[in-house]
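A short worksheet on the structure shown next.
The values are calculated or read from the model by the stated rules, or taken from the named source; none is laboratory data. Note that the coordinates shown come from a computational prediction; the quantities given were computed from them, not determined experimentally. Cβ placement follows ideal geometry from the backbone for every residue including glycine, while neighbour counts extend to all protein chains displayed. Quick note on the areas: whole protein, heavy atoms, side chains included, nothing else; ligands and nucleic acids left out. Shrake-Rupley method; radii C 1.70, N 1.55, O 1.52, S 1.80 Å.
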Amino acid sequence: MSAWQVIGMLVGAVVLIYMIANFMRDPGQAIMGMLRGLIVGVVALFVINLIGASFGFHIAINPVTAATTAILGLPGVAALVVMNVWMV
């Protein structure tokens with residue numbers, strides 16, 4: 001296992017623990033926060049796809065990208081854009 005994989009797993013574990021702690025503290029607020037992040041993220045993805053269409057840039061809106069934007073919000077959208085630029 002490479003160092004980057006270990007770092008990725010550690011970051012993922014920290015994010016997961018943070019999400020579980022927030023959900024245990026106040027489930028209603030956590031769900032509303034994820035719903036708000038989902039709506040803002042999908043709108044941001046739509047705008048990015050609308051503007052990026054003239055440049056040949058596209059990010060698919062599917063359950064994985066929706067979950068990423070719901071959990072992380074706008075930073076999740078930024079991460080999807082960076083991953084799309086670097087990997088495609």
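Only residues that are part of a loop (DSSP other than H, G, I, E, B) and open to solvent by 100 Å² or more (accessible area, probe 1.4 Å) were counted in region 42-63, giving 1. The residue that is modelled with the highest pLDDT, among those in region 1-35 that are open to solvent by 90 Å² or more (accessible area, probe 1.4 Å) and within 17 Å of Leu74 (Cα to Cα), is Met32.
The one condition from (1) in a helix (DSSP H, G or I); (2) open to solvent by 50 Å² or more (accessible area, probe 1.4 Å); (3) among the β-branched types (Val, Ile, Thr); (4) touching a helix residue (DSSP H, G or I) at 6+ places or on another chain (Cβ under 7 Å) that Ile39 does not meet is (4).
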